[in-house]
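As structure tokens, the structure follows; a few thoughts come after it.
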Amino acid sequence: MRPEFTLPSSSSSSSADRRLNALVRHLATASMVSQTAVAFSPTSGFHGDSVFSHVVRAPEDPILGVTVAYNKDPSPVKLNLGVGAYRTEEGKPLVLNVVRKAEQMLLNDKSRVKEYLPIVGIAEFNKLSAKLIFGADSPAIRENRVTTVQCLSGTGSLRVGAEFLARHYHQKTIYIPQPTWGNHPKVFTLAGLSVKTYRYYDPTTRGMNFQGLLEDLGSAPSGSIVLLHACAHNPTGVDPTLQQWEQIRQLMRSKALLPFFDSAYQGFASGNLDEDAQSIRMFVADGGECFVAQSYAKNMGLYGERVGALSVVCRAADVASKVESQLKLVIRPMFSNPPIHGASIVATILKDSNMFNEWTIELKAMADRIISMRKQLFDALHARGTPGDWSHIIKQIGMFTFTGLNSKQVEFMTREYHIYMTSDGRISMAGLSSKTVPHLADAIHAAVTRMS
């Protein structure tokens, strides 16, 4: 309703009266606007459900959800063998001494600034990462046929590579091993690729189904993309032998299949950086093209720093340069440019021979402790007379062991022994210690004998 004001009579129409009349009209108009604004307030009509009330609660991530459940358990004997992160013999997270040294050096360098990096990241980091994975004497590097871009750990490297392939490669199908890391199909699907699987693991032998692998890749359409775990296959811990890798290489090259390597464990599997990169170097040595996603989460313990690299090996230097220009167009709208700190740590270590040597010693110590845990668990099960052949525990390699336990047995171990792992029976050997091996062996023995 319009407010009522008393206007002066016409007999007093002086200059002051005209100004007063104008003020009254202004106030009346302002009052109406204010009332209208209240009546049509953006929030005034929302007295019921949220516009997002239809959103369904998403399930916990099958891997990270294990830690969520573990954290809620008050038991003093609980054990988390779900997430792939290294732990010391005391069950604590480890920051490598060489990493602390590198960080201190960076901290002491007062010339360092926090400016944006280029889209492709730190040039020195990229150069050193390529050298680490392909070898210092790699012809591909020498001939400038490799382009390397800094990404957000292994996951980000896979995603950038996948989006590039979805835009620029003639085949849109990628074959991934069955089983594989749970995030692989999500990364590739959301990037725009069609995901199919090839046989890899044989549950009866708890080893590789090599014949099935050859048959499935042999029947894949020419030019298809194939995801390969460079070493320490996740989740099975089962790797091809060098002879088998050579057969895989010959088959893939004969059908023009494009290799996309996921290298998350270089040096962490065997304790030797060069040995764990042999599969990749075999494919690069033949002059063919391939993609490689690298992560420094495990081998430098830089889990939360999200440090990785994507390398694309091309047949010619000018092609590599054009590929890099297009990778920039993938990265720019995705995360603009990568973070500076973690990659600076890596570059500091890789470029200094003394620090590099110190890193390899610490890296081997981590790998050796995991190998020791395998032996201790195998011996403990053998001593208890646990039914079955458990030799796969010491035959498998890397951070994970595919125990062969089924989902009911896993559920039993969680309920009765407070041991947490993924439902497929995968356990992180890096989460074990000499003190917790007996508890795990007791739980496995009980699960196998009572829940078979």
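The values are calculated or read from the model by the stated rules, or taken from the named source; none is laboratory data. Small disclaimer: the values here were computed from a predicted structure and weren't measured. Cβ sites come from the backbone with ideal geometry, for glycine too, and all protein chains shown count toward neighbours. The accessibility values were calculated without ligands, DNA or RNA, using every heavy atom of the protein model including side chains. Shrake-Rupley method; radii C 1.70, N 1.55, O 1.52, S 1.80 Å.
Suppose every Lys and Arg Cβ carries +1 and every Asp and Glu Cβ carries -1, with no other charges. What dipole size does the chain come out with about its Cα centre, to the nearest 20 debye?
Dipole size: approximately 820 debye.
How many nm is it between the label spots at Q178 and T449, if each spot is 7 Å from the Cα in line with the beta carbon?
In this crude label model, Q178 to T449 measures out at 3.6 nm.
Using the Cβ atoms and a cut-off under 10 Å, what net charge is assigned to the surroundings of S295, where Lys and Arg are +1 and Asp and Glu are -1?
+1
Which distance in nm do the two modelled labels at A58 and A285 give, with both placed 7 Å along the Cα-to-Cβ direction?
In this crude label model, A58 to A285 measures out at 4.3 nm.
What does the accessible area of L190 come to, in Å² to the nearest 10, when a probe of 1.4 Å is used?
120
What accessible area, in Å² to the nearest ten, does a 1.4 Å probe give for D318?
Rounded to the nearest 10, the figure is 90 Å².
Would you check the accessible area of I427, probe 1.4 Å, heavy atoms only, in square angstrom rounded to 10?
0
For R112 and E215, compute 0.36 nm times the residue count separating them, minus their Cα-Cα distance, and round to one decimal in nm.
The R112-E215 span can extend by a further 31.7 nm.
T88 versus K395, label points 7 Å from Cα toward the beta carbon: distance in nm?
3.6
Quote the relative contact order of segment 116-351 in percent (integer), defining contacts as alpha-carbon pairs under 8 Å separated by 6+ residues.
Computed value for segment 116-351: 31 percent relative contact order.
Taking 25 Å as the cut-off for C-alpha to C-alpha distance, list the pairs among K196/K322; K78/K408; K131/K186; K172/K255; K127/K196; K172/K298 that go past it.
In this structure, K196/K322; K131/K186; K127/K196; K172/K298 lie more than 25 Å apart at Cα.
Per-residue counts of other Cβ atoms within 10 Å, averaged by peptide: what ranking do you get for 98-108, 393-403, 276-286, highest first?
The densest-packed peptide leads the list: 393-403, 276-286, 98-108.
Students sometimes get this wrong: rank W181, W390 by accessible area, probe 1.4 Å, all chains present, largest first.
Correct descending sequence by accessible area is W181, W390.
Over the C-alpha atoms of segment 241-310, what are the Rg and the largest Cα-to-Cα span, Dmax, in Å?
Just the Cα atoms of segment 241-310 yield Rg and Dmax of 13.2, 40 Å.
In square nanometres, what is one fourth of the surface area of the convex hull spanned by the alpha carbons of segment 322-401?
About 9.3 nm², averaged over all directions.
How much of the accessible area of the chain, probe 1.4 Å, is carbon plus sulfur, in whole percent?
After summing per-atom areas, the C and S share lands at 56 percent.
Using DSSP, restrict attention to beta bridges with both residues in the chain and report what percent are antiparallel, rounded to the nearest 5.
Roughly 50 percent of the beta bridges in the chain run antiparallel, per DSSP.
Taking only protein heavy atoms into account and a 1.4 Å probe, give the accessible area per residue of segment 111-170 in Å².
I get 48 Å² per residue for this part.
Work out the FRET efficiency for R142 and R253 from their Cβ-Cβ distance, taking R0 = 25 Å, and round it to the nearest 0.05.
It comes out at approximately 0.70.
Which value in deg cm²/dmol, rounded to the nearest 500, describes the helix-derived mean residue ellipticity at 222 nm for the chain, given -39,500 (n - 2.57) per DSSP H run of n ≥ 4 and division by the residue count?
Here the helix-only value at 222 nm equals -14500 deg cm²/dmol.
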